[in-house]
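Colleague: The structure that follows is given in the form of structure tokens.
The values are calculated or read from the model by the stated rules, or taken from the named source; none is laboratory data. Keep in mind the model is a prediction, meaning the values are calculated, not measured. Every residue, glycine among them, receives a Cβ derived from its backbone with ideal geometry; neighbour counts consider all protein chains shown. Surface accessibility is based on the protein's heavy atoms, side chains included, excluding ligands, DNA and RNA. Shrake-Rupley method; radii C 1.70, N 1.55, O 1.52, S 1.80 Å.
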Amino acid sequence: MGIYVSNKYESFKDDILKIIADFDTYDNSFDTGKRNSIKKVEIKGTTFVIKSFKKPLFFNQFIYKYFRKSKAKRSFEYASSLLELGIKTPPSVAYIEHFNFLGLQNSYYISEFIPYDITFRTLIDEPDYPDHKNIVEGFTKFTFNLHEKGVEFLDHSPGNTLIVKKEDHYDFYLVDLNRMKFGELDYEQRLKNFARLTRKKSLIEQIATTYAPLVHKDAVEVFEKMWSYNQQFHKKFDNEKRIKSILLNRKYDLK
């Protein structure tokens with residue numbers, strides 16, 4: 001098992017390894033479905049979040065060993081890149097990789113825990129949430145800032161932005177960082193980047209109204225393009241979900 005720890009957190013290394021050894025005994029702190037496991041732990045008075053990535057399929061074990069960085073390593077490196085750009089994300093602490101002769105078996109990413117008030121999902125589920133309009137506008141400007149700094153967050157989905165209320169503004173933190181691209185974004189890429197956020201047309205309208213003047217475009221045009229990309233994404237998502245359901249049912253029928 002290999003571990004890389006940020007210099008700032010070197011004194012936590014042994015404690016982190018002990019927690020990883022007993023990882024299954026800790027309760028899940030966040031609902032992530034069956035894909036990954038995320039647990040919040042306290043070490044020496046500091047709270048950390050440890051994400052255990054699901055074991056890769058056989059072929060990907062080999063790929064992650066020889067050709068591609070693990071999700072844990074990418075998360076660690078992308079967090080550092082974001083912070084260097086002045087984009088908020090929980091500071092990276094360490095990543096751990098376990099390889100055998102087949103390839104990558106397990107990997108973990110550790111970051112500091114950031115206490116937060118809501119995620120963007122709350123704004124979808126609770127349209128009457130206090131200061132809803134201002135938070136959506138702030139989130140949209142935050143995303144514009146990402147785009148201006150050449151960050152394409154490929155998992156820009158409802159649960160992956162933590163929102164922290166300050167006295168006179170809101171801070172936004174990106175989490176779940178293993179899928180990102182860095183480089184200049186064109187107009188279409190920018191609008192596509194909002195496609196995963198919500199199926200609510202009214203929210204997309206509000207986002208488009210805020211985003212349009214920032215890119216010096218007509219608000220109606222921006223909304224129509226955003227909504228088109230949104231519909232394309234969710235149609236594809238629903239089709240893939242339907243196919244998986246059919247295949248799963250057939251699997252059980254054959255038993």
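Colleague: Within the stretch 163-203, track down each residue that is closer than 15 Å to Phe142 by Cα and either of a type in the set (Val, Ile, Thr) or touching a residue at least 60 places away in the same chain (Cβ under 8 Å) (or both).
Modeller: Scanning the stretch 163-203 gives Ile163, Val164, Asp171, Phe172, Tyr173, Leu174, Val175, Leu197.
Colleague: Which one of Lys149, Lys141 is touching a Gly at 6+ places or on another chain (Cβ under 8 Å), open to solvent by 20 Å² or more (accessible area, probe 1.4 Å), in contact (Cβ under 8 Å) with a residue 24 or more places away in the chain and basic (Lys, Arg)? Break it down into steps so the answer makes sense when it comes.
Modeller: Working: Lys141 fails: touching a Gly at 6+ places or on another chain (Cβ under 8 Å).
Exactly one of Lys149, Lys141 is touching a Gly at 6+ places or on another chain (Cβ under 8 Å), open to solvent by 20 Å² or more (accessible area, probe 1.4 Å), in contact (Cβ under 8 Å) with a residue 24 or more places away in the chain and basic (Lys, Arg), namely Lys149.
Colleague: Mind checking which residues of the stretch 207-228 are open to solvent by 40 Å² or more (accessible area, probe 1.4 Å) and under 23 Å from Asp155 (Cβ atoms)?
Modeller: The answer is Leu214, Lys225, Trp227, Ser228.
Colleague: List every residue pair whose Cβ atoms lie under 6 Å apart, where the two residues are 6 or more positions apart in sequence or sit on different chains, the first residue falls within the stretch 65-83 and is free of Cβ contacts under 8 Å to residues at least 60 places away in the same chain, and the second residue, located anywhere, is hydrophobic (A, V, I, L, M, F, W, C).
Modeller: As it stands, the answer is Lys65/Phe99; Lys65/Leu104; Ser70/Leu104, since those pairs meet every condition given.
Colleague: Sticking with this structure for a sec: Is it fair to say Tyr9 is out of contact with any Asp or Glu (no Cβ under 8 Å at 6 or more places or on another chain), among the aromatic types (Phe, Trp, Tyr) and surrounded by 15 or more Cβ atoms within 10 Å (Cβ to Cβ)? Before the answer, list the steps.
Modeller: On the way: out of contact with any Asp or Glu (no Cβ under 8 Å at 6 or more places or on another chain): yes; among the aromatic types (Phe, Trp, Tyr): yes; surrounded by 15 or more Cβ atoms within 10 Å (Cβ to Cβ): yes.
Taking the combined requirement at face value, the residue satisfies it.
Colleague: Please state which one of Ile3, Ile38, Ile50, Ile87 is over 17 Å from Asn178 (Cα atoms) and hydrophobic (A, V, I, L, M, F, W, C).
Modeller: Ile3
Colleague: Could you list all residues from the stretch 99-114 that are free of Cβ contacts under 8 Å to residues at least 12 places away in the same chain and either open to solvent by 60 Å² or more (accessible area, probe 1.4 Å) or charged (D, E, K, R) (or both)?
Modeller: Hit for the stretch 99-114 is Phe101, nothing else.
Colleague: Follow-up. Considering Ser245, Ser202, which residue is modelled with pLDDT under 95 and either farther than 22 Å from Glu126 by Cα or open to solvent by 50 Å² or more (accessible area, probe 1.4 Å) (or both)?
Modeller: Ser245
Colleague: For Val41, state whether it is among the aliphatic types (A, V, I, L, M), touching a strand residue (DSSP E or B) at 6+ places or on another chain (Cβ under 7 Å), closer than 20 Å to Pro115 by Cα and at pLDDT below 95.
Modeller: Working: among the aliphatic types (A, V, I, L, M): yes; touching a strand residue (DSSP E or B) at 6+ places or on another chain (Cβ under 7 Å): yes; closer than 20 Å to Pro115 by Cα: yes; at pLDDT below 95: yes.
Judged against the criteria, Val41 is a match.
Colleague: So which pairs qualify, if the first residue must be in the stretch 37-62 and closer than 22 Å to Leu102 by Cα, the second must be open to solvent by 80 Å² or more (accessible area, probe 1.4 Å), the Cβ gap must be under 7 Å, and the two must be at least 6 apart or on different chains?
Modeller: Cβ pairs passing all conditions: Lys54/Arg35.
Colleague: A follow-up question, please. Got at least one residue in the stretch 140-154 being small (Gly, Ala, Ser) and touching a Pro at 6+ places or on another chain (Cβ under 6 Å)?
Modeller: Here is the first cut: in the stretch 140-154, the ones small (Gly, Ala, Ser) are 150.
Then drop every residue that is not touching a Pro at 6+ places or on another chain (Cβ under 6 Å), which leaves none.
No: the stretch 140-154 contains no residue that is small (Gly, Ala, Ser) and touching a Pro at 6+ places or on another chain (Cβ under 6 Å).
Colleague: While we're on this one: Give the stretch 115-132 a look and list any residue that's assigned to a helix (DSSP H, G or I), within 15 Å of Val164 (Cα to Cα) and either open to solvent by 60 Å² or more (accessible area, probe 1.4 Å) or modelled with pLDDT under 95 (or both), or say none.
Modeller: Arg121, the sole residue that qualifies.
Colleague: Still on this model: Would you check if Asp155 is surrounded by fewer than 17 Cβ atoms within 10 Å (Cβ to Cβ) and more than 21 Å from Lys39 (Cβ to Cβ)?
Modeller: no
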